[in-house]
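What follows draws every value from the coordinates through simple rules; no lab data is involved. It should be emphasised that the depicted structure is a prediction, and the values quoted were computed from it without experimental measurement. All Cβ positions, glycine included, derive from the backbone under ideal geometry; neighbour counts span all protein chains shown.
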Amino acid sequence: MPFFAYTLVFLFLPAATVMVGAFQGATGGYTFDNVTEIAQTASLRHAYKESIEISLVTALLGGLLGFLIAYAAIRDGTPNWIRSAFATFSGVAANFGGIPLAFAFIATLGTIGIVTQFLANQLHWNPYFHGFTIFGKTGVELAYLYFQIPLMILVIAPAIDGLRQEWSEASSNLGANRLQFWRHIGLPVLFPSLLGAMILLFGNAFAAYATAYSLTSGTGLPLVPILIGADLSGNVYTNPHEGQALAFGMFVVLAAMMLFYIPLQRRATRWSR
Amino acid sequence: MEDYQEQEYEFWRRLDEESLDRRKLLRRGLAAGAGLTIFSLSDVALATRARVLADPPLRGTPGGMKALIAAAKKEGKLNDIALPDDWANYGGMIAAFKKKYGIDFARDNPSGSSAAENQAIVSLKGDPRAPDCVDVGPSFAVAGAAAGLYGRYFVSTYKTIPRGMKDTRGFWTGDYWGAVSIGYNGNLVQNAPRTFADLAKSEYKNKVAINGSPLTSNSAVAVVLAASLANGGSLNNVGPGIDYFAKLRKSGNYIPVETTPQTVASGQTPISLDWDYNNLAYVKEFPAAKWKVGLPSDGVYGGYYCQAINATGPHPFAARLWQEFLYSDQGQILWLKGFAHPARFTDMVGRKVIPKPLLAALPSAAIYNKVKFASQGQLTKAAAQIKAEWSSKVG
């Protein structure tokens with residue numbers, strides 16, 4: 001019950017306010033203008049495209065790498081201390097985000113970062129003169145992967161633990177090779193968890209704000225949360241209702257993801273029913 | 001003793017404002033001066049005092065200063081918001097005001113935006129922590145006045161403020177202006193960039209930064225407008241400025257890093273487009289960076305900020321005294337020490353009250369004479385165009 005009150009105050013009420021505000025004009029009346037404006041404005045559509053692209057790339061890449069690393073680290077036979085050290089490290093890294101993370105990246109890979117300076121002065125190869133920059137999409141994706149991979153490790157580890165040694169032994173007794181084991185047993189068992197974890201990663205990247213903002217100073221890469229920030233707290237213009245409409249658009253994207261996820265999840269878990 | 005003082009200022013105020021019968025007032029003043037308890041304790045006097053305290057003056061006058069000072073001292077405090085110490089010498093300004101009047105400051109959110117300032121007036125209404133005074137961009141001054149957030153006040157030097165820079169109803173007054181300038185790190189940049197055209201050269205690759213995002217910062221909008229003037233645009237058409245930065249982003253010259261004192265000190269932003277007062281302040285602040293400043297001769301653009309008083313602030317008298325101080329010769333010179341051109345600059349140059357070394361520290365006056373200011377409508381138009389195009393073209 002306290003939990004219900006908590007979610008009501010901190011989740012449902014704000015969400016409802018955003019939904020209502022998205023359909024209100026500056027003077028208070030109800031209108032579709034905010035929402036249609038998004039569809040008609042190239043720069044806003046572009047922001048959704050960039051946001052979705054970055055979230056997809058970091059969710060898929062982070063999910064894949066996270067899964068492989070987690071599997072390597074925690075499958076049977078790995079010494080216990082590695083497992084626990086790994087879990088602890090992932091727990092810390094997954095929560096390392098926002099301004100400190102952006103600062104760490106700027107200090108290492110920025111124009112005068114340690115690594116950049118090393119490459120430029122010792123190897124005479126300045127990545128910034130060869131098209132590389134962390135103050136753009138690549139940089140934000142790199143920074144996101146820094147917390148996406150450990151998050152994937154954390155959420156997928158229990159599922160990998162659930163993959164019993166006996167199954168793989170049994171399948172090889174029956175003459176299956178590793179590939180066949182994964183094709184017919186490993187992946188089908190893990191698939192629902194993998195999918196769920198990647199959806200989580202997608203949402204995690206989609207809503208991230210501080211990391212991208214501090215890395216690109218709000219001008220390098222137009223992401224939806226950054227534009228919402230500009231709508232709500234800028235010196236130049238304020239348009240809270242457009243911000244709410246943009247947030248509403250984010251709901252829609254996430255809802256679409258869920259619509260895509262639920263049937264897939266059903267299909268993937270059909271064998272277990 | 002306090003009662004006596006209060007009655008004295010009340011006396012002066014009435015003399016100034018209501019122009020009551022002089023003789024009657026004098027008699028009253030004498031009574032107050034003699035400390036006649038009958039008068040000072042009477043209900044009428046208490047009621048008058050309460051009304052006067054709740055009702056600060058509309059106009060600053062030399063005669064009213066005494067009363068204003070007394071009332072402000074009685075409040076003893078001023079809540080400011082969004083005034084960074086290293087911005088236009090606010091640090092020095094606040095210290096001087098404190099020293100002169102012994103009034104303390106409660107500082108809030110020094111790096112806040114204009115939107116945050118207006119928002120604080122609304123959301124802290126009735127709270128003793130609410131800001132008493134704000135320093136906001138012109139569009140926010142107009143919006144704030146329209147929303148009834150500001151109290152009216154005409155400083156005693158109101159007449160000498162240029163006409164285009166003040167609200168005739170007294171809701172806000174332009175306080176200082178600056179021009180877009182190019183600052184660069186003498187260690188990292190060999191050849192001085194003098195124009196916007198220069199900045200597009202390949203020798204400045206990975207070097208050019210702006211003070212913020214034009215989606216959220218007025219100074220950055222000003223930079224884009226100046227770039228537009230340099231590239232065949234006008235105050236009515238910021239498009240060429242946006243295209244110019246799109247070109248610089250593509251060539252890698254423009255790095256989307258917001259200039260801060262830290263990035264200037266560390267060399268992360270070797271060239272920064274910013275208000276002249278910020279760039280000039282870095283020269284003194286970071287001698288190791290060998291920071292140098294010039295105005296881009298192909299795009300001389302200026303912008304001003306506005307001073308306004310919270311209509312419902314907790315220290316209305318101190319807020320008005322603060323304005324009197326800001327617009328006095330002393331305050332105006334303090335702004336100039338922070339390299340911001342104060343509103344009464346031309347008046348003071350005319351009266352020759354500005355110390356010569358101070359004028360010498362600024363880029364030549366000749367280039368400042370070419371400065372163009374955008375009107376409110378032009379600024380709104382530019383902001384809308386930037387909003388529509390910046391993120392897809394440059395971002």
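Observations on the structure shown:
- Summarising the overall dimensions of chain A from its C-alpha atoms, the Rg and Dmax are 22.2, 73 angstrom.
- Among B:ALA289, B:ALA319, B:ALA366, residue whose mean-square fluctuation peaks in a GNM of chain B (springs only between Cα atoms under 10 Å): B:ALA366
- Over all orientations, the range B:137-259 has a Cα convex hull whose mean projected area works out to 9.7 square nanometres.
- Counted over chain B, the DSSP beta bridges are approximately 65% antiparallel.
- Dipole of chain B, positive direction: furthest Cα of B:PRO314, B:TYR277, B:THR263, with charges on the beta-carbon: B:TYR277
- Cβ-based exposure ranking for B:TYR305, B:TYR90, in which fewest neighbours within 10 Å come first: B:TYR90, B:TYR305
- Positive-end ranking of A:GLY110, A:ILE134, A:VAL252 along the dipole of the range A:49-272, with charges on Cβ about the Cα centre, is headed by A:VAL252.
- The relative contact order of chain A comes to 30 percent, based on Cα pairs under 8 Å that sit 6 or more residues apart.
- 20 Å-binned pair-distance histogram of chain B (Cα, whole percent): 26, 51, 18, 4, 0
- Note that the range B:365-382 has calculated 3J(HN,Hα) couplings of 5, 4, 6, 5, 5, 7, 4, 10, 10, 8, 7, 4, x, 5, 5, 4, 4, 4 Hz, one per residue in order, obtained from phi through the Karplus relation 6.51 cos²θ - 1.76 cosθ + 1.60 (θ = phi - 60°); glycine and proline are x.
- In summary, the lysines within cross-link reach of B:LYS125, defined as a Cα separation below 30 angstrom excluding same-chain residues under 8 places away, comprise B:LYS66, B:LYS73, B:LYS74, B:LYS77, B:LYS98, B:LYS99, B:LYS100, B:LYS166.
- Calculated Rg and Dmax of the protein assembly as shown using C-alpha coordinates, Å: 30.8, 118
- CD proxy at 222 nm, helix term only [per DSSP H run n ≥ 4: -39500 (n - 2.57); per residue of chain B; nearest 500]: -13500 deg cm²/dmol
- Kirkwood-Stokes translational diffusion coefficient of the range B:252-310, alpha-carbon pairs, 10 °C, 1.306 mPa s, µm²/s: 121 µm²/s
- Linear extension gain, B:LYS99 paired with B:SER202, 0.36 nm per residue minus alpha-carbon span: 32.0 nm
- Computed from the Cα positions only, the extents of the range A:197-239 along the three principal axes stand at 39, 21, 13 Å, in decreasing order.
- All lysines inside 19 Å of B:LYS201 as judged from Cα atoms, apart from same-chain residues fewer than 8 positions distant: B:LYS247, B:LYS250, B:LYS292
- Ranked B:TYR277, A:TYR71, A:TYR30, criterion: other C-beta atoms within 10 Å, fewest first: A:TYR30, A:TYR71, B:TYR277
- Amide N proximity, the range B:69-109 versus B:LYS284 label position 7 Å along Cα-to-Cβ, cut-off under 14 Å: B:85-96
- Computed E for A:TYR30/A:ASN173 - FRET, C-beta separation, R0 51 angstrom, nearest 0.05: 0.15
- With the cut-off at under 16 Å, measuring from each backbone N in the range B:276-303 to a point 7 Å along the Cα-to-Cβ line of B:ASN369 picks out B:300.
- Taking other Cβ atoms within 10 Å as a rough exposure proxy, A:VAL92, B:VAL353, B:VAL224 sort from fewest to most as A:VAL92, B:VAL353, B:VAL224.
- Counting only Cα atoms, the size of the range B:240-366 along its three principal axes is 53, 39, 33 Å, in decreasing order.
- Mean-position separation - Cα centroids, the range B:351-372 and the range B:241-305, in angstrom: 21 Å
- Modelled label reach - B:VAL353, point 7 Å along Cα→Cβ, the range B:315-340 residues with backbone N closer than 12 Å: B:325-334
- Length-normalised contact order of chain B in % [C-alpha pairs under 8 Å, at least 6 apart]: 23 percent
- The charge dipole of the protein assembly as shown, taken about the Cα centre with unit charges on the Cβ atoms of Lys, Arg (+1) and Asp, Glu (-1), comes to about 820 debye, rounded to the nearest 20.
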